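K.L.:
I have a structure I would like to understand better, so I am pasting it below and will then ask my questions one at a time.
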C-alpha cells in the first residue's frame, strides 16, 4: 500500500526497499544479518541465529524471533539503538570493518536520495 502511495510522485519521499532492491526492509538491513547479530552479542545479548531466523524478511523480524525464543522479551528500539551505536563505534575506529555489502547498499541508498532530490524541485 505504502509503495503505491508514493509511486511516480514528485515528493521527496523515498521508499527504502526500492532504493536498496529489497521487498521488505528497515535501515538495519543495510547490515548483513550475522554482523547485526554479532553487534547485539557484543552488547551482551544472547543471540544465536537459526535457519528459520535466516529466512525472516528483515533483521528486525529475525531479532524479534530470536529475542522471543531466548526469553529476552521484546526486541525494542533500545536494542536497535545499542546495536547501531556498537557498529558505529567499531566502524569509527576502523572504517575498513564496514562490510562491502553495507557499502554497496548504502551507496545505492545515497544514489537514490540524490536522484530524488535532483529531480524534485523544492516546495
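K.L.:
Any idea which of 101, 57, 81 is under 13 Å from the mean Cα position of the chain (by Cα), exposed (fewer than 14 other Cβ atoms within 10 Å of the Cβ) and not in a helix (DSSP H, G or I)? So that I can check it myself, show each step before the final result.
P.N.:
Working: 101 fails: not in a helix (DSSP H, G or I); 81 fails: not in a helix (DSSP H, G or I).
Selected residue: 57, the only one of 101, 57, 81 that is under 13 Å from the mean Cα position of the chain (by Cα), exposed (fewer than 14 other Cβ atoms within 10 Å of the Cβ) and not in a helix (DSSP H, G or I).
K.L.:
Of the residues in the range 80-99, how many are within 18 Å of residue 25 (Cβ to Cβ) and out of contact with any helix residue (DSSP H, G or I) (no Cβ under 7 Å at 6 or more places or on another chain)?
P.N.:
Of the residues in that region, 1 qualify.
K.L.:
Residue check: is residue 75 assigned to a loop (DSSP other than H, G, I, E, B), modelled with pLDDT of 95 or more and surrounded by 15 or more Cβ atoms within 10 Å (Cβ to Cβ)? Lay out the reasoning, then the answer.
P.N.:
Details: assigned to a loop (DSSP other than H, G, I, E, B): yes; modelled with pLDDT of 95 or more: yes; surrounded by 15 or more Cβ atoms within 10 Å (Cβ to Cβ): yes.
Yes; evaluated as a whole, the condition is true for this residue.
K.L.:
If I go through the range 28-44 residue by residue, how many of them are touching a helix residue (DSSP H, G or I) at 6+ places or on another chain (Cβ under 7 Å) and without any contact (Cβ under 8 Å) to a residue 60 or more places away in the chain? Give the derivation first.
P.N.:
Kept after step one, since they are touching a helix residue (DSSP H, G or I) at 6+ places or on another chain (Cβ under 7 Å), are these residues of the range 28-44: 28-33, 36, 39-40, 42-43.
Applying the additional criterion that residues be without any contact (Cβ under 8 Å) to a residue 60 or more places away in the chain yields 28, 33, 36, 39-40, 42-43.
Total satisfying the criteria: 7.
K.L.:
Considering only the range 5-18, I want to know if a residue exists there that is outside any helix (DSSP H, G or I) and modelled with pLDDT of 95 or more.
P.N.:
Filtering the range 5-18 down to residues outside any helix (DSSP H, G or I) leaves 7-15.
Then keep just the ones that are modelled with pLDDT of 95 or more; that gives none.
Checked against the condition, which is being outside any helix (DSSP H, G or I) and modelled with pLDDT of 95 or more, the range 5-18 yields no hits at all.
K.L.:
Next up: Residue 34 fails exactly one of the following numbered conditions: (1) more than 15 Å from the chain's Cα centre (by Cα); (2) assigned to a helix (DSSP H, G or I); (3) within 18 Å of residue 82 (Cα to Cα). What is the number of that condition?
P.N.:
Failing condition for residue 34: (1).
The values are calculated or read from the model by the stated rules, or taken from the named source; none is laboratory data. Because the structure is predicted, anything quoted here is derived from the model rather than measured. All Cβ positions, even for glycine, are placed from backbone atoms using ideal geometry, and neighbour counts span all protein chains on display.
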